[in-house]
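Worksheet: the structure to be examined is printed underneath.
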2 protein chains.
Amino acid sequence: MSDSALFGPDNLPYGLFSTPDRPGHRRLGVRFGDDVLDLGAAAAAFGSAHADVLGAPSLNPLLAAGRAVWQAVRGEVRDWLTDEAHRETAARHLLPLSGVQLHLPFEVADYVDFYASEHHATNVGRIFRPDGDALTPNWKHLPIGYHGRAGTVVVSGTPVVRPQGQRKPPNEPLPVFGPSRRLDIEAEVGFVVGAPSELGRPVGLDGFRDHVFGVTLLNDWSARDLQAWEYVPLGPFLGKSFATSVSPWITPLDALDAARVAPPERDFPLLPYLDDSAEQVEPGGLDLRITVELNGHVIAEPPFATMYWTAAQQLAHMTVNGASLRTGDLYASGTVSGPEHKQRGSLLELTWGGREPLALPEGERAFLEDGDEVVLSAWAPGPGGGRIGMGEVRGRVEPSA
Amino acid sequence: MSDSALFGPDNLPYGLFSTPDRPGHRRLGVRFGDDVLDLGAAAAAFGSAHADVLGAPSLNPLLAAGRAVWQAVRGEVRDWLTDEAHRETAARHLLPLSGVQLHLPFEVADYVDFYASEHHATNVGRIFRPDGDALTPNWKHLPIGYHGRAGTVVVSGTPVVRPQGQRKPPNEPLPVFGPSRRLDIEAEVGFVVGAPSELGRPVGLDGFRDHVFGVTLLNDWSARDLQAWEYVPLGPFLGKSFATSVSPWITPLDALDAARVAPPERDFPLLPYLDDSAEQVEPGGLDLRITVELNGHVIAEPPFATMYWTAAQQLAHMTVNGASLRTGDLYASGTVSGPEHKQRGSLLELTWGGREPLALPEGERAFLEDGDEVVLSAWAPGPGGGRIGMGEVRGRVEPSA
């Protein structure tokens, strides 16, 4: 299936772009096939009631506008691009994707990273704590998560400089300093919060669609050696905070209705605020098929449908203590890994802690080398047997400065 | 010493205020004694070259302007308030502090919380892991820290709603849900980043004064029961993310020159990026004397000068992996505890995990009850034997919703 067919009228993801003649002029766009619709210009041409938010230099005003506006704008844009009466006008505001520069489409408020794949958590537990239980006792009772660094969320294509830091070689008495030797990826799915919530007011499972605008792919670059030395007792910090790459295209939740699936069966009864087993709760899983490429070779195909905890449960958990949501909050699923070897979303798991390197044509890979390029892509079932493509996340490793 | 004398011409902290007649009109102010100088109005009256940043509805433009502007503005303001030729004009823009509403003075970008007091970390280790080493092996080699929730940083006076969440009673097979029963405080000092840094470029120890604008007191409210159940393996999350209170007044670093002291002697040689033992490095410690009051009774007096890791080391560590700084980044010291019982900055430590409650006139306190009010205040030595007061941090506990 061509790239173009993955971005048809049932998809319509949002991004932020500029053109080489006006590099400082950032504009909202919607991807349509291999083109970008200049949203502000189109909204003005069609006299849209939402021309103000669509003419903004960031997605944040549209995010903040709330679900009714999201639905109205999505309907309008689809109409402009597909209705015979509008197509000629719309075509005047389509630019070839190949000629634009894409930017981080929204200002990230808080960034939270979860740990929601049972297969990933089990693999990591076995690798790091071979003598203990693979899963911690809390794992099946709450979606474990932590806050990450919002200021280093970068758009696809941004080079990733190999981080330096402390690591503790097992046979040396003191830590040493230098470039990370175990630089890794984590293939994840991110959720972008649009409508804010009040401090002190939890958002329930049924608030998911009112607050979450859309979905992005996310690569949570990880320096395993820095992380291993630093993370007890307060969690990951510098091993993760140097860069987190996201797709330039935010896929609206409404484009993923056909991809809704039931999550895996739960092994323990859940507390009421997390219990999505009731019939009236819509399925919380999403059937996204992710592909991880390293230097052009497919090294993994993690299935998002296997995630134990859903994005709606993560939202409910994140706010159950009264923490408020802001427009632009981003929360990620944690590494997506399925039950099979080829479905693991990190090199840590694919190479079992580096002990079983991948054989690539250019040589073995336990962890990333300078110059390596990683690309995440994904698609989901769309209406009528079609497919919804997600914007890819691309990043190349540069040597430490 | 009166409150007024703590806020003399050598202090001049910055805040954001509004008046009852124009509640939506937020203006920058400088505290002077028991008054607030309306900075925008004064800058206009005196024809300041910095009238634009001083007329902004947030401290962020001044933060972003960098150290040369911080110093110039501080000199100007001091001049306006103390020079005979200017005092009459300045007086026209002074408002009584009692008549204004104070707001969160800056937009928080990323929030990081460290764990830099050896006494605190040792106490917590002994309480939670009585059979293990009190300090983890990494503790004396790097300043341990983690990202917290920036969106729930609130200004002094904001009520704190008791968080609900999961806790795991030791003798029950499953976690239970409800209001936290072990709500605690953490008396901390926060550092506010002004000038940003580039992704991929670490900020060294000598970059501290160029990047950090000022200091605030901070109460890192903590639900110990939620935290104990959730924090392995990825660190604190909901146990901390419901509220973090800061002072309405940001004390400029330049006001604390007389409070600079050498940090405690280090037990291990430090890696070069953290090594502040060289003679040309200015002393990284700060002699801030903190007072913690619970319902009007002094329950602790934590000495900030005892902190093992300095704010300059924390900044160098936080960026050594290439993570960038943004204007408005806030990082906190972690709980300040001294070697003596009365110097412990949390109820967890003061009551040794709740086992030795405090005797207050209104009854025993292991952890906070609904209606309890906590106030943090502090002062530091100023030039010529004077004192520099820090803005207090006040918060009252409200029952769960």
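Here is how the numbers come out for the structure above:
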read-out	value
Qualifying residues in segment A:159-175 (those that are surrounded by fewer than 20 Cβ atoms within 10 Å (Cβ to Cβ) and more than 8 Å from chain B (Cβ to nearest Cβ)) - the one nearest to A:Gly371 (Cα to Cα)	A:Pro159
Any hit, segment B:265-278, residues being of a type outside the set (D, E, K, R), touching a Ser or Thr at 6+ places or on another chain (Cβ under 7 Å) and closer than 30 Å to B:Ala68 by Cβ	no
Of all residues making up segment A:14-57, the number that are more than 16 Å from A:Ala72 (Cα to Cα) and of a type in the set (Ser, Thr, Tyr)	2
Residue satisfying all of: in segment A:97-132; under 22 Å from B:Phe237 (Cβ atoms) and of a type in the set (Gly, Ala, Ser); farthest from the other protein chains (Cβ to nearest Cβ) among these	A:Ser117
Given (1) more than 14 Å from every other protein chain (Cβ to nearest Cβ); (2) surrounded by fewer than 22 Cβ atoms within 10 Å (Cβ to Cβ), index of the condition A:Pro196 fails	(1)
Hits in segment B:256-283 - residues which are away from chain A (no Cβ under 14 Å) and among the aliphatic types (A, V, I, L, M)	B:Leu256, B:Ala258, B:Ala259, B:Val261, B:Ala262, B:Ala278, B:Val281
Any pair with Cβ under 9 angstrom, 6 or more apart, that starts in segment B:135-147 at a residue that is more than 7 Å from every other protein chain (Cβ to nearest Cβ) and ends at one that is among the charged types (D, E, K, R) and surrounded by fewer than 23 Cβ atoms within 10 Å (Cβ to Cβ)	B:Leu135/B:Glu118; B:Pro137/A:Lys168; B:Trp139/B:Glu118; B:Lys140/B:Glu118; B:Lys140/B:Arg266; B:Lys140/B:Asp267
Counted residues, segment A:254-286 - those being assigned to a loop (DSSP other than H, G, I, E, B), surrounded by fewer than 17 Cβ atoms within 10 Å (Cβ to Cβ) and not polar (S, T, N, Q)	14
Residue that is free of Cβ contacts under 8 Å to residues at least 60 places away in the same chain, among the aliphatic types (A, V, I, L, M) and out of contact with any Pro (no Cβ under 7 Å at 6 or more places or on another chain), where the choices are B:Leu218, B:Leu174	B:Leu174
Residue in segment A:1-33 that is nearest to A:Ile250 (Cα to Cα), counting only those that are without any contact (Cβ under 8 Å) to a residue 60 or more places away in the chain and among the basic types (Lys, Arg)	A:Arg27
Filter result (more than 11 Å from chain A (Cβ to nearest Cβ) and out of contact with any Lys or Arg (no Cβ under 9 Å at 6 or more places or on another chain)) within segment B:221-246	B:Val246
Any hit, segment B:310-329, residues being within 14 Å of another protein chain (Cβ to nearest Cβ) and closer than 22 Å to B:Ser222 by Cα	yes
Strands (runs of 3 or more DSSP E) (entirely within segment B:313-392) containing at least 3 residues that are within 18 Å of the chain's Cα centre (by Cα) and crowded, with 21+ Cβ neighbours inside 10 Å	B:330-332, B:373-381
Any chance A:Ala109 is under 30 Å from A:Ser337 (Cβ atoms), out of contact with any Ser or Thr (no Cβ under 6 Å at 6 or more places or on another chain) and small (Gly, Ala, Ser)	yes
Check on B:Arg387, of a type outside the set (Gly, Ala, Ser), away from chain A (no Cβ under 14 Å) and within 26 Å of B:Gly194 (Cα to Cα)	yes
In segment A:57-109, residue surrounded by the fewest Cβ atoms within 10 Å (Cβ to Cβ) [restricted to those that are among the hydroxyl-bearing types (Ser, Thr, Tyr) and over 21 Å from the mean Cα position of the chain (by Cα)]	A:Ser98
Scope segment A:186-219; condition under 13 Å from the mean Cα position of the chain (by Cα) and outside any strand (DSSP E or B); matching residues	A:Glu186
Output for segment A:1-47, where each listed residue is crowded, with 24+ Cβ neighbours inside 10 Å, aromatic (Phe, Trp, Tyr) and part of a strand (DSSP E or B)	A:Tyr14
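Residue by residue, here is whether (1) more than 26 Å from A:Asp275 (Cα to Cα); (2) not assigned by TED's automatic domain parsing to the domain that holds A:Gly55 holds:
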residue: A:Arg87; (1), (2): yes, no
residue: A:Ala91; (1), (2): yes, no
residue: A:Pro96; (1), (2): yes, no
residue: A:Tyr115; (1), (2): no, yes
residue: A:His119; (1), (2): no, yes
residue: A:Asn123; (1), (2): no, yes
residue: A:Ile127; (1), (2): yes, yes
residue: A:Leu135; (1), (2): no, yes
residue: A:Ile144; (1), (2): no, yes
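The values are calculated or read from the model by the stated rules, or taken from the named source; none is laboratory data. None of these values were measured; they are calculated from a predicted model. Every residue, glycine as well, gets a Cβ built from its backbone with ideal geometry; the counts of neighbours run over all protein chains shown.
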